[in-house]
Structures are given as C-alpha cells and as structure tokens.
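Peer 1: Please see the structure below; I have some questions.
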Amino acid sequence: MDVESFYNLISSNYTEMLARLVPRYREMLWMILAYIPKDLNPKKIVDLGCGTGNLSKGILNQYPKAKVVAVDLSASILEEASKRLTNYSNITYLNADFNHLLFEENSIDLVVSSIALHHLTDIQKEILLKKIYSWLSPKGVLIFGDQFSGSTS
C-alpha cells in the first residue's frame, strides 16, 4: 500500500492514533512551536505533511495574522484537517506530494513539519531541503520534528 492510500484509509482516526503511537508527540509539537525564534513575525507559513492539523492549529494560534498553507499527500486527511480548523480563515489546504511541491523563491517565512519527512528517501529529503532553502525569505526558518529509523535494529 502506498503512503497516500494508507493515510486516506486511517484519516478519520489519525489524530488519536498519533497520540497513542508516537511517544511524546504532544511534547514534540510544543517544542517545534517553542523553537521558532521570538523575533520572527512570519507572514506566510507552510506546514508540510499537516495531517489532521495538530501543528497547524498551534501555528494558527501563535500567529493569528499569518497565512498558513497546510500541505498533505492525502486528500482525506486534508478534509479532516479542514473540519477541525473551521474557525480559521487564514489557512489554505494543498493536496500535493513533497516531491512535486513548488513555491516562489524567498516567499515563505516559516516552514514547519511534524512526523512527515521520514516518508521520503534520503535523496528526496536532500532535494526537498534544498527547495525549502530557496523558498525561505532571508530570515526564514525551517523547524521540523520527526522519527527516523536507526542504522541497526
């Protein structure tokens, strides 16, 4: 089963599953928010692999005037996110694969991601990180939290 099909299948239970299956998940989200430089006043934010909107919600609360683009491969999971975040008018949803994602150079002030980049191969991660670097404004920041497999069992 591919990644998109898997997340389409579990989209309605995704939020609860993360809380149960990812150790210290809530703490990881809190740390991503805490690591954002205090002097950064982002106007445009991208949440890569937004899932059902857990990190997006924190970002929207912390930066209520920013425009947030919530990106995910799964249309079903984006639908769940939009149901959870109906009180926010400054969020748009983009159903896209990270490998084909494009934004203008220097157009984004903050890129965040939680539990998403591990789905990419090492080469795909390298390509994406280079793209993100080009998208970031001069003082722009990337902050992500994820899980990765170790080199041994």
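Peer 1: If you check L40 against the conditions, is it hydrophobic (A, V, I, L, M, F, W, C), farther than 12 Å from I143 by Cβ and out of contact with any helix residue (DSSP H, G or I) (no Cβ under 8 Å at 6 or more places or on another chain)?
Peer 2: no
Rundown of residues vs (1) in contact with a Lys or Arg (Cβ under 9 Å, 6 or more places away or on another chain); (2) under 20 Å from I36 (Cα atoms); (3) small (G, A, S); (4) modelled with pLDDT of 95 or more, yes/no style:
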position	(1), (2), (3), (4)
N95	no, no, no, yes
S107	yes, yes, yes, yes
L110	yes, yes, no, yes
L120	no, no, no, no
Y133	no, yes, no, yes
L142	no, yes, no, yes
D146	no, yes, no, no
G150	no, no, yes, no
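Peer 1: Sticking with this one: If you go through the stretch 94-121 one residue at a time, how many are within 28 Å of R26 (Cβ to Cβ) and surrounded by fewer than 20 Cβ atoms within 10 Å (Cβ to Cβ)?
Peer 2: The number of residues fulfilling the criteria is 9.
Peer 1: How many residues does the stretch 17-37 hold that are open to solvent by less than 30 Å² (accessible area, probe 1.4 Å), in contact with a helix residue (DSSP H, G or I) (Cβ under 7 Å, 6 or more places away or on another chain) and either modelled with pLDDT under 85 or not aliphatic (A, V, I, L, M) (or both)?
Peer 2: 2
Peer 1: Where in the stretch 70-151 are there strands (runs of 3 or more DSSP E), lying fully within it, with 3 or more residues that are touching a strand residue (DSSP E or B) at 6+ places or on another chain (Cβ under 9 Å) and closer than 20 Å to N41 by Cβ?
Peer 2: Filter on the stretch 70-151 gives 108-114, 136-145.
Peer 1: Same structure, new question: Identify, please: which residue in the stretch 130-153 is surrounded by 14 or more Cβ atoms within 10 Å (Cβ to Cβ) and closer than 23 Å to Y25 by Cα and is, among those, farthest from the chain's Cα centre (by Cα)?
Peer 2: V141
The values are calculated or read from the model by the stated rules, or taken from the named source; none is laboratory data. Keep in mind that this is a model prediction, so the values were computed, not measured. No Cβ is skipped: glycine too gets one built from the backbone with ideal geometry, and neighbour counts run over all protein chains shown. These accessible areas exclude ligands, DNA and RNA; they are computed on the full protein's heavy atoms, side chains included. Shrake-Rupley method; radii C 1.70, N 1.55, O 1.52, S 1.80 Å.
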